[in-house]
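Only one structure is covered here, and it is reproduced in the block below.
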Amino acid sequence: MVPTSNLVALQNSANQDYASGRFEQASEQYRRLAKVMPSDAGVRYQLGNSLARQGDVQGAIGSYREALLRDPQHARAWHNLLQVQLREALFTAAEMQKTLNPQQPQADRALGLGERLLDVMEPTSRDAGREP
């Protein structure tokens with residue numbers, strides 16, 4: 001078992017790295033914390049944030065889901081999970097609209113769905129909070 005003082009120091013170091021924009025270092029420290037604190041949702045949430053800041057969308061999604069398995073009421077994890085997934089969906093919709101030939105079979109369905117998503121989400125995505 002790791003002494004509590006060591007865990008607190010590691011948590012503080014990870015938080016400092018995150019606050020300073022050293023997301024890769026923060027991620028490594030959050031991973032170490034997650035190994036020794038298997039039931040802690042907060043560490044997995046913080047790991048998700050640092051992975052999201054590095055552009056590791058799938059890693060962030062996985063970490064947020066791990067946090068939610070441990071604490072289904074972790075509202076910030078739900079928020080950031082949804083935010084990361086919506087960013088991906090918006091990126092995909094915009095990319096599809098630029099590249100998909102409307103003459104392709106089923107293109108009208110796909111383009112219509114993408115257009116609806118962009119219409120609904122684009123104004124609010126600019127106003128989204130800074131998390132993760």
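The values are calculated or read from the model by the stated rules, or taken from the named source; none is laboratory data. Computed from a predicted model, the values in this text were never measured in an experiment. Virtual Cβ from ideal backbone geometry, glycine too; neighbours counted across all protein chains shown. Just the protein is used for accessible areas: all its heavy atoms, side chains included, with ligands, DNA and RNA removed. Shrake-Rupley method; radii C 1.70, N 1.55, O 1.52, S 1.80 Å.
So which residues in the stretch 4-31 are open to solvent by 70 Å² or more (accessible area, probe 1.4 Å) and more than 19 Å from the chain's Cα centre (by Cα), if there are any at all? Across the stretch 4-31, the qualifying residues are Thr4, Ser5, Asn6, Val8, Asn12, Gln16. In the stretch 87-101, the residues that are among the polar types (S, T, N, Q) reach residues that are open to solvent by 90 Å² or more (accessible area, probe 1.4 Å) and assigned to a helix (DSSP H, G or I) with C-beta atoms within less than 8 angstrom, at least six apart or across chains, in these pairs: Gln97/Glu115.
Checking each residue of the stretch 87-99 against the condition of being among the hydroxyl-bearing types (Ser, Thr, Tyr), farther than 26 Å from Asp119 by Cβ and modelled with pLDDT of 95 or more gives no match.
Just need a number here: residues in the stretch 78-100 that are of a type in the set (S, T, N, Q), over 16 Å from Tyr30 (Cβ atoms) and open to solvent by less than 70 Å² (accessible area, probe 1.4 Å). Result for the stretch 78-100: 2. Collect the residues in the stretch 64-77 that are surrounded by 15 or more Cβ atoms within 10 Å (Cβ to Cβ) and among the hydrophobic types (A, V, I, L, M, F, W, C), keeping them in residue-number order. Across the stretch 64-77, the qualifying residues are Ala67, Leu68, Ala77.
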